Each structure stands twice: as structure tokens, then as C-alpha cells.
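Data block below; observations after.
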Amino acid sequence: MGKYKLRQFAELDTFSNVVHHLQTAKDVPDHPNKGKWSEVFYNNDHDIILELGCGKGEYTLALARCFPEANFMGVDFKGNRLWRGAKTALEEKYNNVGFLRTKIQNIDTVFDKNEVSEIWITFPDPMLGDRREKHRLTSPGFLSRYKNILKSGGKMHLKTDSRELYDYSYEVINEQAVVHAATSNLYKESNGYMGNNHDLLISVQTYYEQKYLAAGKPICYLQWTFE
Ligand SMILES: C[S@@+](CC[C@H](N)C(=O)[O-])C[C@H]1O[C@@H](n2cnc3c(N)ncnc32)[C@H](O)[C@@H]1O
């Protein structure tokens, strides 16, 4: 590991807004804050909104700016990516933002039933090919974990540049949830698409999204609830 990355990791350990839950055991223990994140970590009783596979946390930060009355948590296992978002959140003094270093596979050891109000999945690795299906963040195993921690009616959002992942996700989600919005070309939709949410969907662009847009790739979007 290079010196810069080593410095980032050392600094990450000192950040008050970063939580580590990187267990490798087969039976991962519950995080001590499970069921009481708002009260213990954010010191309020506001809703919790997650960004899964957040990378540098652009969505987490942008949403936190737009909605100061909610709590946000960016989730990723790569410490050097989380470092960027966490450092910005500390520098800009956001008290409604946290970052969680964990595998998304363990998300229900961190959050309790009904503890989360909304989940964004932003540009996940598409994990194409049959043998990688179980690693896809919209495969049935992951969906059941999300359903478990989401409040009734809690919204799920997926943004992806992968048409294959979008088609796969639409099919799987449509079998077990209610799809509220689905487009294979978000930026071609008229301004009224998703009403007030339209700006939120196109004005917040993650690091990967900017790269895909610059390469001329259409961006797909799905929104659903589990009931
Ligand atoms: C293609 S990047 C997208 C990052 C960011 N959302 C963006 O749009 O710029 C996918 C991210 O998901 C993270 N990731 C992939 N699988 C994961 C898993 N099972 N648990 C936690 N993070 C994961 C990777 O570390 C990476 O940062």
C-alpha cells in the first residue's frame, strides 16, 4: 500500500463520523448501535437514509445538504473511498452525516428491523454473469436484507449505467415489490419526471456517474417500495 493510502487509513481511524464494522467471522455479531443509531450516533430522532456502495459519498453529502432534517449514512468497505466523503463532512461540519465501513452483506447486523427510512444504491458494480449473481446488490439475497431493515413504505432507489443490471433488477424487483419509477434513460426524461424529485435525480452526480455521462452512456433509474 502506498504512503498516501496509509495516511488516509490512519486518518480514517481518527474520524468521529466513521464507524467500522468489518468483521470477517461467519456469524457477524450485531453492532452495539443496532436499533438506536438516531439516538446514539446522531443525537436526534430523525429518519435514517443509507447510500450503499457510496464510494466517495457524493450522494450522501448532497442529500444531507438538501435535507438537514434527516440522518445520512454512506456505506462502503473501501476505506480510502470513504475517507473522501468523511473528510468533507467533517470539514463542512455536517452533523447529520456518517460513514460506515462494512460489507453490505452485513447490513442487517448494523441496522434493526424498521430502522431505516430510505436506501439509495448508486452505480453498483453490475457483477454480470450467472456465477456472480449472488454478489449483485439487487439480487434476492440482498433485497431481503433491505426489506428487513426498511420501514413500511420506505423507498429504494437504484441508479446505474448498466442496462444489463437495470433489466435484471427490474425483473427481480417487479416479482416481489412495487415499482414506482423505471427508466433506461433518466436524462432523456422530461423535466417533470418524478415531480419534485427530478432535480435530485439529475443534479446529484457521483464520481462514477460523471465518468459514464462523459462517455455518453445513458443512466438508468429504478424506484420501488416493498409494499
Ligand atoms: C462502481 S463504485 C460506485 C461508487 C459510487 N457510488 C459512485 O457512484 O461513484 C461501487 C462501490 O461499491 C463498493 N462495494 C461493492 N460491493 C460492496 C459490498 N458488498 N459492500 C460494501 N461496498 C461495496 C465498492 O467498494 C465501490 O466503492
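The values are calculated or read from the model by the stated rules, or taken from the named source; none is laboratory data. Computed from a predicted structure; not experimentally measured. Neighbour counts are summed over all protein chains in view; Cβ atoms, including those assigned to glycine, are modelled from backbone coordinates with ideal geometry. Please note that ligands, DNA and RNA were not included when accessible areas were found on the heavy atoms of the full protein model with its side chains. Shrake-Rupley method; radii C 1.70, N 1.55, O 1.52, S 1.80 Å.
For segment 61-118, the average shadow cast by the Cα convex hull is 4.2 nm², which is a quarter of the hull's surface. Cα extents for segment 160-227 along the principal axes, largest to smallest and rounded to whole angstrom: 34, 27, 18.
Where the centre of each part is set by its Cα atoms, how far does segment 100-174 sit from segment 181-197, in angstrom? That distance is 21 Å. Surface composition of segment 132-196: carbon and sulfur make up 43 percent of the accessible area, probe 1.4 Å. Taking the Cα centre of the chain as origin and assigning +1 to Lys and Arg Cβ atoms and -1 to Asp and Glu Cβ atoms, the resulting dipole is close to 820 debye. For segment 45-113, a simple Cβ point-charge model (Lys and Arg +1, Asp and Glu -1, everything else neutral) yields a dipole of about 420 debye relative to the Cα centre. Partners of Lys26 within straight-line reach, counting lysines whose Cα lies under 18 Å from its Cα and excluding those fewer than 8 residues away in the same chain: Lys103, Lys134. For segment 169-180, backbone phi angles converted through the Karplus equation (6.51, -1.76, 1.60; θ = phi - 60°) give residue-by-residue couplings of 5, 4, 5, 5, 5, 4, 6, 10, 8, 9, 7, 9 Hz, Gly and Pro being listed as x. Using the alpha-carbon positions of segment 1-52, Rg (one decimal) and Dmax (whole number) come out as 14.4, 41 Å. Phi angles of segment 126-138 translate, via the Karplus equation with coefficients 6.51, -1.76, 1.60 and θ = phi - 60°, into HN-Hα couplings of x, 6, 6, x, 4, 6, 9, 3, 5, 8, 5, 6, 10 Hz per residue; Gly and Pro are given as x. Across segment 102-217, Cα-Cα pairs farther apart than 25 Å form 25% of the total. Per residue, the chain exposes an accessible area of 50 Å² to a 1.4 Å probe, with every protein chain left in place. Across segment 34-138, Cα-Cα pairs farther apart than 23 Å form 25% of the total. You can think of it this way: the chain between Ala214 and Glu189 has 7.2 nm of extra reach, that is 0.36 nm per residue less the Cα-Cα gap. Apolar share of the accessible surface for segment 7-60: 46 percent from carbon plus sulfur atoms, 1.4 Å probe.
A compact globular protein would have a Cα radius of gyration near 2.2 N^0.38 Å; the ratio found for the chain is 0.98. Cross-link partners of Lys217 among aspartates and glutamates, defined as those whose alpha carbon lies under 14 angstrom from its own and excluding same-chain residues fewer than eight positions apart: Asp161, Glu164, Glu209. Simple rule: put +1 on each Lys or Arg Cβ and -1 on each Asp or Glu Cβ in the chain, find the dipole, and look at Asn71, Tyr208, Gly192; the Cα lying farthest toward the positive end is Tyr208.
Please tell me which of these pairs span more than 27 angstrom C-alpha to C-alpha: Lys36/Lys155; Lys3/Lys34; Lys5/Lys34? Those over the limit are Lys3/Lys34; Lys5/Lys34. Hey, if you put +1 on the Cβ of every Lys and Arg and -1 on every Asp and Glu Cβ in the chain, which of Tyr59, Tyr146, Val178 ends up farthest toward the positive end of that dipole? Highest projection toward the positive end goes to Tyr59.
Kirkwood radius for segment 148-194, taken over all pairs of different Cα atoms as the inverse mean of 1/r, rounds to 12.2 Å.
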